[in-house]
Each structure stands twice: as C-alpha cells, then as structure tokens.
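The numbers here are math on the coordinates, done by the rules we state, and not lab data. Since we're looking at a predicted model, the values are computed, not measured. Ideal geometry is used to build each Cβ from the backbone, glycine not excepted, and the neighbour counts take in all protein chains shown.
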Amino acid sequence: MAQYFELHPDNPQPRLLKQAVALLSKGGVLAVPTDSSYALVCHLDDKAAADTLRRIRQVDDKHHLTILCRDLSELASYARVDNQQYRLLKAATPGPYTFILEASKEVPRRVSHPSRKTIGLRVPEHKTLQALLEMHGAPLLATTLIAAGETEPLNDAQEIRDRYEHQVSAVLDAGACALEPTTVIDLSSAEPVVIRQGGGKLSKLGL
C-alpha cells in the first residue's frame, strides 16, 4: 500500500521529505510532482528499483530514462557537455526541458541507452521536487508518469494513488501540477533535434 504525503506547495515539510527519502534508500519508487506533470523516481544506483520503474511504465531499456539534478553543475557531472551545449542548457534550466546527452562515467551503464550510451537529463523547477532532491543529496532516476497504453501524463495525486497503490512506495501530493510533459531535445548529435514539444518553449532556446 502506497504511503500518501500531503506537502505544502511552497514550504514542504522536512519530516515528510525525510520519510520519502528513507523509502528511496530502501529501493522504493515514488510518484512525485514536477513542473511538467507527475514522474516516477527512484535511487539512481539501485538496479532493482530502476527495473521496477521500467516495469510500472512498461518500457524497455531502449526508452530514455531521465536523471533529475538539483542544478546545472550537478547535471554536467553526468553528461559530456561542450560549450555550445552548456549555453543551451543554461538558458533552459531550471524548467520543463529534458536533454538527451552522451552519458558520462558517473551514469550507471544499465540506465543509459544500450547502444547510443545517452541519457536524459533535467533540472526541474518545482519546489517540492527540488526540496526532495536536496534532502536526498543526489540526483534521482526518473520517467514521466504516463499509464501504459495512454498518451497523456498523469497529474492528479489521488488518481495516481488509486491506480498505483500496490506498485509505488509513496505518492507526494503538493497540489495540482502541470499536465504537459517536458520538451525533449536531443543534443547528442551535431545539431539539436526536438524529439517532443512539451511544456518548454523552443523560443527560449532560440530553436
């Protein structure tokens, strides 16, 4: 049975965040709000948790997972970033953008794309999620919470609890969040390629 944490949207309670972090440390998968719908998150270095995350979403190892980072400097530790890419990242973070980049050695091989060796990276702009990342003290592995067979992401905490109460360890409810996935941009090639147009405006990046 999933635990249900009701968090203040502007000042999330540290004691509840601490409980959520404890669940992550035990291999739990959490449903958390972001600035672009809900996401499933787990500990980056936990293989079993990553497998559970993929199983809930019903995606294979060729589906790009995303590493959620607290800031741009942390993001740069998990990807190979040149000066041009860095300028683009700086213009877009924090915000509802996911960037596909070549994974650095800090990324466990089992979570990067098996043939391309790439990974999704993102710095979210959501107070509760940022507070969770800060309390956790490290990035989290994530994927947008889209139910199997559906195309729209979920954003209602109670509905998520009803659907996934036996699959996730906890649902974090910080009030309504967006119902639009991130804009996904592949920076692993010579030129940026827009994979998905979502909540992030391309004009902000000059694309």
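Around the amide H of THR118, modelled in the peptide plane, lie the amide H atoms of ALA103, HIS113, all under 5 Å away and 5 or more residues distant in sequence or on another chain. Among the listed pairs LYS47/LYS201; LYS18/LYS204; LYS127/LYS201; LYS26/LYS201; LYS62/LYS90; LYS127/LYS204, those whose Cα-Cα separation exceeds 31 Å are LYS47/LYS201; LYS18/LYS204; LYS26/LYS201. Applying the Karplus relation 6.51 cos²θ - 1.76 cosθ + 1.60 with θ = phi - 60° to the range 146-162 yields 3J(HN,Hα) values of 10, 5, 4, x, 10, 10, 9, x, 8, 9, 9, 4, 5, 5, 4, 4, 5 Hz, where x marks Gly and Pro.
Our coupling estimate for the range 92-106, obtained by passing each phi through the Karplus curve with A = 6.51, B = -1.76, C = 1.60 and θ = phi - 60°, is 10, 10, x, x, x, 10, 10, 10, 8, 9, 5, 6, 7, 5, 6 Hz, Gly and Pro reported as x.
Expressed to the nearest 5 percent, the antiparallel share of DSSP beta bridges inside the chain is 60 percent. Calculated translational diffusion coefficient of the range 3-205 (25 °C, 0.890 mPa s; Stokes-Einstein with Kirkwood radius over alpha-carbon pairs) equals 147 µm²/s.
Once each of the trypsin sites (Lys or Arg not before Pro) sitting in a DSSP loop with at most 16 other beta-carbon atoms within 10 Å is removed, the chain keeps 118-200 as its longest stretch. Considering only GLY198, SER25, PRO114, the residue lying farthest towards the positive end of the dipole of the chain is PRO114, judged by Cα position with unit charges set on Cβ.
When the alpha carbon coordinates of the range 89-186 are projected onto the principal axes, the ranges are 37, 28, 25 Å, largest first.
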